[in-house]
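Contents: one structure, followed by commentary.
The values are calculated or read from the model by the stated rules, or taken from the named source; none is laboratory data. As the structure is a computational prediction, the values presented were derived from the model and not from experiment. In this analysis, Cβ positions are derived from the backbone assuming ideal geometry, glycine residues included, and neighbour counts consider all displayed protein chains. The area values use the complete protein model at the heavy-atom level, side chains included, leaving out ligands, DNA and RNA. Shrake-Rupley method; radii C 1.70, N 1.55, O 1.52, S 1.80 Å.
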Amino acid sequence: MNVEAGIQIDLVGAARRRAPVMGATAVLVFLVGYWIAMVLPSEYTSYATMLVEPPSVSRQLVESGVAGRDLNTRLNLMTAQILSRPRLSRLIDELDLYEEESEDMTRDAVIALMRQHISVVPVEGALIASGRKQEGADINTFQIYFTDDNQRLPSRVAQALAQNFIDEHIGERVEITQKSFDFVQTEEQRLAEQLRTLQARIGEVKQANLGSLPDDLSSSQRQLMTVAMELRDTRSELDRAESEASFWGKRIVAVGISSGDVTLSPEKRVQLLELELAGHRSKGYTDKHPDVIDTLLEIQTVQAQIENAQNESEGDEAELSFEQLTVQAEQERALLRARAASEKIARLSEELEKIQGRVDATPQVSEMLDALERQWRQVSISLADFENRRVQASVQANLERRQLGEQFRILEPAFVPLNASAPNRLLILAIGAFLGVVSGLGLGVGLEALDSTVHKAGEAQDALAVPVLAVIPAIRFHADAARSRQRRFRYALGSSVFVVFNLLGGAFGYLYMNGLPGWALALVVEAEETPVSVPESESESDEAPASPEAFRVP
């Protein structure tokens, strides 16, 4: 070997010399991969296919009680419902799942472990020719997958998840529509009660404001006009009566003077003064006017005289003449008319004030009634709307109770998987074989590169830089050849035993960890399901040939 010229390796000679080491290394690495592939536990996956069926009744006739959702929302909602803690916890108890893990882990940890083995996947293009996906097509098919190391368990769990989801989905839709119906009915009763309350309130307002209602405004205005005109006429009549009374009072004085009897009784004098006072007040004089003050003082003076005359009982009433009596009678009639007119004016003024109060209160009452009537109309419209909604909610509830709305159905039940989904043992064995070959070649090349032994004449000439005169071949005797053959035989036998032992050990390890493989289990199940004589109830299932459909879990 010439070191100055670089490392030059005789690959054929190296392969011949390092073959045992390279073969042993390759076999060992391959056996390590073989043991890993055999000892790893098998995982089996099964799935149930679910179909979302459209409503059985046309949407143009009856709207569904539960609003439809898009794919992402529906998928997320389905996954959340399927992976809910109560549902998984109940399923773990029913199927006795994860018994060993439950001894060392909490229930939440076991549920989290189970969630890692469950997936909900939409099926795209399952029913489309050549697998071409149609743009905008609704995806209404889903698959629920479950993976476990027990071959018979994934189908049971996937089927149970699908069936439980469907059962609870039906109950949930019925509950939602029933709650909607109850809510609409409650709101309808509340609005009906509110409408009755408003009607009663409107009636109370109308009863408490009779005459002040907007409908009574024109009538009240007519009454107001009539009373005002009558009051004006009565005041005119009062003025005439007071004027006549004053005239006849003066006439009595004039008659007394003409007859020589100017004596008037104090009572008559008071009446005259009262007529005069009424005349002043009819002119609009107040109590502070001088004429009114003089008349009041004179009335007080005459009344004092009357009291003194009554106390002293002096004198008798003077006798009046026929003319004086006639004038006095006219004066009394005028006083009576004036008194009646004054009473009528007071009554009309009071009535006018009441009517005017009713007219003034009409805008406020009208505003109050308008507000109540607006509320009444709004509540009436809402009540009519909720009556229609109640009918629609009742129809929707009946639709869901009879399962005529959108429903989930198991399109393909879960089946017992025949082959493990993981690990990929062929891939692991291929990787082990590749790594074994690469490791053996690498080890052989490395050992050959580190070895400085001279194997050929050329290598010796290059190493010593002198010409080689002759090459003496190796001399082997029969005894050496026999010992060499025996040694190679022992090596081959030992290697074969070692390899066979590891292969059998890996096979037994596989059986210990995973049991029978899928094809062997299929043969066993087929042998168990084909007895010599079968009952009539099982004859149909036994006549069918063995296929993956035969291992589906109902």
Show Thr362, Thr186 ordered by accessible area, largest first, where the area counts protein heavy atoms only and the probe is 1.4 Å. Thr186, Thr362
What distance in nm separates the simple spin-label points at Ala463 and Val500, each placed 7 Å from Cα in the Cβ direction? 4.1 nm
What is the gain in length, in nm to one decimal, between Arg152 and Gln300 on full extension, counting 0.36 nm per residue of separation less the C-alpha to C-alpha distance? 40.4 nm
Protection proxy (average C-beta count within 10 Å per residue), highest first, orders 341-353, 26-38 as 26-38, 341-353
